[in-house]
Amino acid sequence: MTDYDPRIVDLYDVDNPDGPDHDYYRALADSTNALSIVDLGCGTGLLTVTFARRGRRVIGADPSAAMIAYARNRSGAEHVEWVHGDSSAVPAGPHDLAVMTGNVAQHIPDGAWQRTLADLASVLRPGAVLAFESRNPDVRAWEQWATEVASSRQTMHGELREREEITEIEPGVVEMLAHNEFVETGDRFVERMVLTFRSREAVERELQSAGFEVRAVHGGWQGEPFEADSRIMVFEAVRS
């Protein structure tokens with residue numbers, strides 16, 4: 001993968017702060033009495049470090065070297081095992097809980113997605129829980145993301161101008177081009193992301209094929225029932 005510019009990584013926690021999604025995953029870790037947790041696609045480790053406690057093993061894995069480098073230098077990082085890599089690099093278990101937060105599931109393309117689920121199934125013990133969220137494709141949230149005129153904000157690296165270009169390159173697969181310009185230095189770069197919007201039915205089918213039993217699909221972070229117009233789908237699945 002093409003890695004993130006370190007200046008963008010510096011802004012990641014500001015743009016993606018701790019909130020109700022993190023509260024949900026922390027509560028799940030406690031309610032399942034998880035003693036070994038895998039946070040796959042952990043990013044900067046903002047949530048990951050909060051899982052740590054005496055007697056609990058926490059693993060944070062991410063394919064971005066820039067993200068993992070940031071995570072390793074944050075407060076509390078010494079209590080986490082950091083892994084640079086995807087699901088194939090997750091240390092052997094058995095683990096009690098695996099999470100994929102921040103819509104990580106949508107960043108994993110078909111083919112790699114099915115392998116990811118199989119990899120996680122192989123390191124989770126029977127009865128362990130896998131939890132993650134994904135945007136509901138029926139809401140078509142990406143149609144609201146494009147920005148024709150760049151916005152501007154002040155950051156620790158000076159003024160940053162940003163613009164999003166969105167294209168549905170095939171049904172349910174969306175390309176996002178994030179145009180960034182640091183005004184003071186004149187540095188310009190484009191970050192490309194491809195997001196896959198899978199239906200609830202498709203995700204449940206893939207989970208079952210990988211050896212998981214879906215126990216719940218929520219429509220929000222408070223355990224709301226999933227409805228056709230819910231913006232997110234929060235999956236909880238148990239390793240068979």
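The values are calculated or read from the model by the stated rules, or taken from the named source; none is laboratory data. If you're wondering where the values come from, they're calculated on a predicted model, not measured in any experiment. No Cβ is skipped: glycine too gets one built from the backbone with ideal geometry, and neighbour counts run over all protein chains shown. Each accessible area value is taken on the protein alone, full model and side chains, heavy atoms only, with ligands, DNA and RNA left out. Shrake-Rupley method; radii C 1.70, N 1.55, O 1.52, S 1.80 Å.
Here Ser199 meets the list (1) closer than 30 Å to Arg161 by Cα; (2) open to solvent by 40 Å² or more (accessible area, probe 1.4 Å) almost entirely, failing just condition (1). Going through Ala71, Ala66, Ala61 one at a time, which residue ends up being touching a Leu at 6+ places or on another chain (Cβ under 8 Å) and either modelled with pLDDT of 95 or more or of a type in the set (Lys, Arg) (or both)? Result: Ala61 is the single residue among Ala71, Ala66, Ala61 that is touching a Leu at 6+ places or on another chain (Cβ under 8 Å) and either modelled with pLDDT of 95 or more or of a type in the set (Lys, Arg) (or both). Each residue in segment 136-164 was checked for being more than 30 Å from Leu207 (Cβ to Cβ), open to solvent by 70 Å² or more (accessible area, probe 1.4 Å) and touching a residue at least 40 places away in the same chain (Cβ under 8 Å), and 1 of them qualify. Applying the selection to segment 122-164, what residues are assigned to a strand (DSSP E or B) and more than 29 Å from Ala27 (Cβ to Cβ)? Residues satisfying the conditions are Ser151, Ser152, Arg153, Gln154, Thr155, Gly158, Glu159, Leu160, Arg161, Glu162, Arg163, Glu164. Leu46 meets all of the listed conditions (1) over 24 Å from Gly223 (Cβ atoms); (2) open to solvent by 20 Å² or more (accessible area, probe 1.4 Å); (3) without any contact (Cβ under 8 Å) to a residue 60 or more places away in the chain but one, namely (1).
Filtered by the rule that a residue be of a type in the set (A, V, I, L, M) and part of a strand (DSSP E or B), segment 188-202 gives Val190, Met193, Val194, Leu195.
Set side by side, the residues Asp18, Asp10, Asp3 differ, and just one is among the charged types (D, E, K, R) and at pLDDT below 95, which is Asp3. Pairing each residue of segment 220-240 that is more than 20 Å from Leu130 (Cβ to Cβ) with any residue that is surrounded by fewer than 18 Cβ atoms within 10 Å (Cβ to Cβ), provided the two are 6+ apart or on different chains, yields C-beta distances under 7 Å for Ala228/Asp138; Asp229/Val139; Arg231/Val139; Arg231/Ala141. Residue check, Glu133 against (1) closer than 23 Å to Ala228 by Cα; (2) touching a residue at least 60 places away in the same chain (Cβ under 8 Å); (3) open to solvent by 20 Å² or more (accessible area, probe 1.4 Å), all met but one. Which one? Against the list (1) closer than 23 Å to Ala228 by Cα; (2) touching a residue at least 60 places away in the same chain (Cβ under 8 Å); (3) open to solvent by 20 Å² or more (accessible area, probe 1.4 Å), Glu133 comes up short only on (3). Against the test of being outside any strand (DSSP E or B) and loosely packed, with under 14 Cβ neighbours inside 10 Å, the options Thr167, Thr185 yield a single qualifying residue, Thr185. One residue stands out among those in segment 202-239 that are farther than 18 Å from Ala112 by Cα and of a type in the set (S, T, N, Q): the one that is surrounded by the most Cβ atoms within 10 Å (Cβ to Cβ), which is Ser230.
Within segment 170-182, which residues are over 18 Å from Tyr4 (Cβ atoms), part of a strand (DSSP E or B) and open to solvent by less than 40 Å² (accessible area, probe 1.4 Å)? Matches in segment 170-182: Val173, Val174. If you go through segment 80-116 and pick out every residue that is surrounded by 19 or more Cβ atoms within 10 Å (Cβ to Cβ) and touching an Asp or Glu at 6+ places or on another chain (Cβ under 6 Å), you end up with 2.
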